[in-house]
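The values are calculated or read from the model by the stated rules, or taken from the named source; none is laboratory data. All values reported here derive from a predicted model rather than from experimental measurement. Reconstructed Cβ throughout: ideal geometry from the backbone, glycine too, with neighbour counts over all protein chains shown. Surface areas here come from the heavy atoms of the whole protein model, side chains and all, with no ligands, DNA or RNA. Shrake-Rupley method; radii C 1.70, N 1.55, O 1.52, S 1.80 Å.
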Amino acid sequence: MKLWGGRFTKEENQLVHNFNESLSFDRKLYRHDIEGSIAHVSMLARQGIVSEEDQEAITGGLRGILGDLESGSLVFTNEHEDIHSFVEAKLTERIGDAGKRLHTGRSRNDQVALDMKLYCRDEIDEIDTLVMALMKEILKIMEENLDTYMPGFTHLQKAQPVTLAHHMGAYFEMFYRDRTRLRDIRARMNYCPLGSGALAGTTYPLDRDYTSGLLGFDGPTLNSMDSVSDRDYVIELLSALSLISMHLSRFSEEVIIWNSNEYRFVELDDAYSTGSSIMPQKKNPDIAELVRGKTGRVYGALVSMLTTMKGIPLAYDKDMQEDKELTFDAIDTVKGCLALFTGMIASMSFRKDVMEASAKNGFTNATDAADYLVNHGVPFRDAHGIVGRLVLYCIEKDMALDDMTLEEFKAVSPVFEDDIYECISMKTCVEKRVTLGGPGRPAMERVIEICRERLKEDSAL
Ligand code: ARG
């Protein structure tokens, strides 16, 4: 009985430890944890709270731990609860009592708040670079395809002709907004929580401005309770990541459609597509499908985090430990998607002839034919009816409006003259749309100029 009881207690304790620990995932924060501690101890010494010798020993010890973790000579062992306890334990093991002074005027609550902020800030910069790389590829396609005609769609029905440059420009705008969102979040979150203690600050004469400056923040946070319990920036970041994923997913969907046998607008590079184990003719757009598919887990992280935070009282509660795995996963997922997607579109080729033929076969110039009649005095409603009859005629004969003879045009309306061909040519249809934001060349050239400038913008502005 006694034996069993003792054994039970031990197992229970182990289960509690396993449930409570975060080292298995927050080890990802080791660089930021050490960076924060070095800044903290340098402030402690400056304020005379620890001696210079202790500061030197602590800083040296922390640098040693960092180096050994990077080289792999120091490994994480799971008896420690989290990254903060792990680093502190190793430090004390290495330098003795001085190591125990590091945590003066600090709590794991402000420490973890700092680590997460430092981590998210670095990741925002990396994601920004990846979005920018994608935008560069999009811009390249835009610059090369000002005259590549293709059907523009509404309801996935061919609507009016556009150019590939114009279509790509839509994605450039989306990803540009994504970058501005990242930039906004970065600016809003860039205040240092260190010095907030467990929740009510500390009795030591800390210089919070100093640590904040050392760590590249715009200033210290202003309420210690908010500082240790704020995860708004994580939620904002997950929201921005969700939007990036949504944009990537829509783009992926188009690549998948364009790659289908029915469309054949694009040819995926072999490196970015896969074959089927049974059907030899297949070239599957797996990468695009996976990018589309992974959107679900990024949205999941956002909803998860919103739900975790919604009912917890001030200030720190352990619930917040749940922020890590899902944030890490969402960030890694989006970074992977961005890198792969960029490689995929950079190596993808466009079948310009197929695109143009598709625009031509889809009566995308029907509106322009109606406009022609209107410009010759026919009321718009009548013009709409006349062109509708022409379209019906062409469908029966299996041809495009441009392929009709002038007699055939005139049989439906005598208003048509020889200049109708020029007027409904793909080139004219696009070139006439020159208001800013439209596909016509002068409008697109102006926009491309602006896009080039936007790519020079720095995320940290
Ligand atoms: N592992 C914890 C987290 O991720 C660190 C903070 C622990 N604080 C505490 N009072 N138990 O949130």
Note to self: with every protein chain in place and a 1.4 Å probe, the chain gives an accessible area per residue in Å² of 48 Å²
Would you work out which of MET444, THR405, PHE25 lies farthest towards the positive end of the dipole of the chain, given +1 charges on the beta-carbon of Lys and Arg and -1 on that of Asp and Glu, about the Cα centre? PHE25
Under 13 Å from the 7 Å Cα→Cβ point of THR435, by amide nitrogen: which residues of segment 379-402? none
HN-Hα J couplings of segment 422-432 from phi, Karplus 6.51/-1.76/1.60, θ = phi - 60°, integer Hz, Gly and Pro as x? 4, 5, 9, 5, 3, 4, 4, 3, 6, 5, 6
Dimensionless Rg ratio for the chain, taking C-alpha atoms and the 2.2 N^0.38 Å reference: 1.36
Sum of side-chain charges, HIS17 neighbourhood, beta-carbon under 9 Å (Lys, Arg +1; Asp, Glu -1): -3
Quick check: pseudo-label points 7 Å beyond the Cα along Cα→Cβ at ASP353 and GLU407, how many nm apart are they? 3.1 nm
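Can you compute the FRET efficiency between ARG46 and MET279 using 1/(1 + (r/R0)^6), with r the Cβ-Cβ distance and R0 = 56 Å? Round to the nearest 0.05.
For ARG46 and MET279, the calculated efficiency is 0.20.
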Work through the residues other than LEU268 whose Cβ is under 10 Å from its Cβ and net out their charges, Lys, Arg +1 and Asp, Glu -1. -3
ALA187 paired with TYR421, simple spin-label distance in nm, labels 7 Å along Cα-to-beta-carbon: 5.6 nm
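Could you work out what % of the accessible surface of the chain is carbon and sulfur, using a 1.4 angstrom probe and leaving DNA, RNA and ligands out of the count?
Accessible surface attributable to carbon and sulfur in the chain totals 53 percent.
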Full extension between ASP332 and ASP226 adds, at 0.36 nm per residue less the Cα distance, a length in nm of 35.4 nm
Förster radius 30 Å - calculated FRET efficiency between ARG63 and ALA339, Cβ distance, rounded to 0.05: 0.45
Computed E for GLU253/GLU445 - FRET, C-beta separation, R0 30 angstrom, nearest 0.05: 0.55
